[in-house]
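Some notes on the structure that comes next.
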Amino acid sequence: MKVSGFTFVKNAVQFDYPVVESILSILPLCDEMVVAVGKSDDDTLAVIRSIKSDKIKIIETVWDDSLREGGHVLAIETNKAFDAISPDSDWAFYVQADEVFHENDMEKIRAAMQLWQNDKSVEGLLFDHVNFYGAYDYVADSHKWIKKEIRIVRNDKNIRSWCDAMSFRKDGRKLCVKYVDATIYHYGWVKNPCVQEQKRVAFDKLWHEDEWIKRQHGLTREYDYSAIDSLTRFEGSHPKIMYERIKKADWNFNFEEKLASKASLRIRFLNWIRKRTGYNPGEFKNYRVT
């Protein structure tokens with residue numbers, strides 16, 4: 001069984017992405033790791049080159065800044081990395097630059113790839129997706145946050161990154177996947193508030209025109225983490241590779257439920273059902289579990 005990892009990144013230093021941790025977290029399961037490094041305003045390329053592994057394969061790309069609709073450029077960059085993996089790989093293991101996998105899940109993931117390696121009806125593997133928010137000890141748990149994502153797919157180039165690189169589809173349809181009891185740790189919403197605001201402005205440019213950006217962000221310098229409706233204390237363990245980064249956190253955030261943003265009555269009702277039953281009615285599922 002041959003496995004290729006792949007990811008894309010741009011301005012990782014400026015926006016404080018844990019991209020090195022992301023890559024290293026899946027590297028033990030990969031025979032190669034393709035990293036599409038977009039032309040950056042910082043030392044991102046040097047950071048990726050500094051990773052001491054002969055598995056790393058860097059391709060340099062240029063993002064199309066004229067694409068300012070639906071975050072589609074993110075899917076394009078994902079596909080560039082996917083298309084560059086070895087043609088003889090069985091599986092393609094995708095990780096975004098702000099996601100990390102736990103070392104405790106590695107053997108389960110390896111076993112799942114081996115189990116379904118020859119069953120071509122299985123087009124991908126699905127994982128739990130945990131969104132940390134504001135600080136490393138809070139998890140966004142509202143109905144609005146996606147709870148599961150596909151991160152391993154067949155090396156089939158009819159499979160394409162979908163929408164804003166949130167998932168994958170084949171010939172426009174949802175993939176048939178198997179669920180694996182392993183977790184994607186998403187740290188995209190855990191940064192110093194000043195850095196987070198800069199990142200949000202940059203990313204909003206992938207969806208909106210300049211006038212919208214000005215109206216939305218104005219002269220704001222710090223991201224307002226309090227604008228969230230529901231969080232849960234994280235009681236588990238982070239991947240070990242994240243420990244040093246977590247120690248260096250230089251901001252404070254404490255969630256006060258009584259001051260939280262008020263979600264709509266519908267969302268509050270759905271949150272109430274999920275927290276008490278584990279069932280998430282109306283959950284968006286961009287996959288078909290077989």
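Just so you know, all these numbers are worked out from the coordinates, no wet-lab data involved. None of the values given here were measured: they were computed from a predicted structure. With ideal geometry, Cβ positions are generated from the backbone for all residues, glycine too; neighbour counts draw on all protein chains shown.
Scanning residues 5 or more positions from residue 59 or on other chains, those with amide H under 5 Å from its amide H are 35, 36, 37, with H placed 1.01 Å from N in the peptide plane. Normalised by 2.2 N^0.38 Å, where N is the number of residues, the alpha-carbon radius of gyration of segment 141-260 equals 1.31.
Pair-distance distribution of the chain: all C-alpha pairs, bin width 5 Å, starting at 0; shares per bin in whole percent are 1, 5, 11, 15, 19, 18, 15, 10, 5, 1, 0. Most fluctuating residue of 100, 37, 122 in a GNM of the chain with Cα springs under 10 Å: which is it? Residue with maximal mean-square fluctuation among 100, 37, 122: 122. Residues in segment 239-246 carry Karplus couplings, in order, of x, 4, 5, 8, 4, 5, 5, 4 Hz; the curve used is 6.51 cos²θ - 1.76 cosθ + 1.60 with θ = phi - 60°, and Gly or Pro positions show x. With θ taken as phi - 60° and the Karplus curve 6.51 cos²θ - 1.76 cosθ + 1.60 applied, the whole-hertz 3J(HN,Hα) list for segment 189-196 is 10, 10, 8, 3, x, 5, 5, 4 Hz, x standing for glycine and proline. Considering all C-alpha pairs of segment 47-110, those separated by over 16 Å amount to 64%.
Here segment 64-170 is treated as an ellipsoid with the same Cα gyration tensor; its semi-axes, largest first and in whole Å, are 24, 21, 12.
With θ taken as phi - 60° and the Karplus curve 6.51 cos²θ - 1.76 cosθ + 1.60 applied, the whole-hertz 3J(HN,Hα) list for segment 127-141 is 10, 5, 10, 10, 9, 6, 9, x, 7, 6, 10, 10, 10, 6, 10 Hz, x standing for glycine and proline. Amide H contacts of residue 167 (H built 1.01 Å from N, in plane; Pro and chain starts excluded): 162 sit under 5 Å, all sequence-distant by 5 or more or on other chains. Would you mind checking 10/205; 80/157; 2/120; 39/214; 108/178 for any pair whose Cα atoms are more than 19 angstrom apart? Cα-Cα > 19 Å for 39/214; rest within. Applying 1/(1 + (r/R0)^6) with r as the Cβ-Cβ distance of residue 181 and residue 235 and R0 = 22 angstrom yields a FRET efficiency of 0.80.
The simple Förster model, with R0 at 30 Å and r as the Cβ-Cβ distance, assigns residue 220 and residue 60 a FRET efficiency of 0.40.
Count charges around residue 85 for me, please; just the other residues with Cβ under 12 Å from its Cβ, Lys/Arg as +1, Asp/Glu as -1. Value of the local net charge: 0. Computed from the C-beta positions of residue 41 and residue 289, the FRET efficiency with R₀ = 35 Å rounds to 0.30. Gap in Å between the Cα centre of segment 148-165 and the Cα centre of segment 42-119? Taking the Cα centre of segment 148-165 as reference, the centre of segment 42-119 is 11 Å away.
Sparsely packed loop sites in segment 70-174 (the trypsin sites (Lys or Arg not before Pro) outside DSSP H, G, I, E and B with at most 11 other Cβ atoms within 10 Å) comprise 120. Ranked by the mean number of other Cβ atoms within 10 Å per residue, highest first, peptides 189-199, 227-237 order as 189-199, 227-237. Calculated mean residue ellipticity, 222 nm, the chain: -7500 deg cm²/dmol, from DSSP H runs (n ≥ 4) at -39500 (n - 2.57) each, averaged per residue and rounded to 500. With contacts taken as Cα pairs under 8 Å at a separation of at least 6 residues, the chain carries a relative contact order of 21 percent. Remark: 146, 213, 109, 159 ranked as 146, 213, 159, 109, counting other beta-carbon atoms within 10 Å and listing the fewest first.
So, in Å, what gap is there between the alpha-carbon centers of segment 219-247 and segment 1-31? A separation of 20 Å, based on Cα centres. Volume per residue of the convex hull around the Cα atoms, evaluated for segment 1-135, comes out as 134 Å³. Where Rh denotes the Kirkwood radius from the mean inverse Cα pair distance, what is Rg over Rh for segment 153-215? Looking at segment 153-215, the ratio lands at 1.10.
Trypsin sites (Lys or Arg not before Pro) within segment 43-79: which are DSSP loop residues with at most 10 other Cβ atoms inside 10 Å? In loop regions of segment 43-79 (DSSP not H, G, I, E or B), the sparsely surrounded trypsin sites (Lys or Arg not before Pro) are 52.
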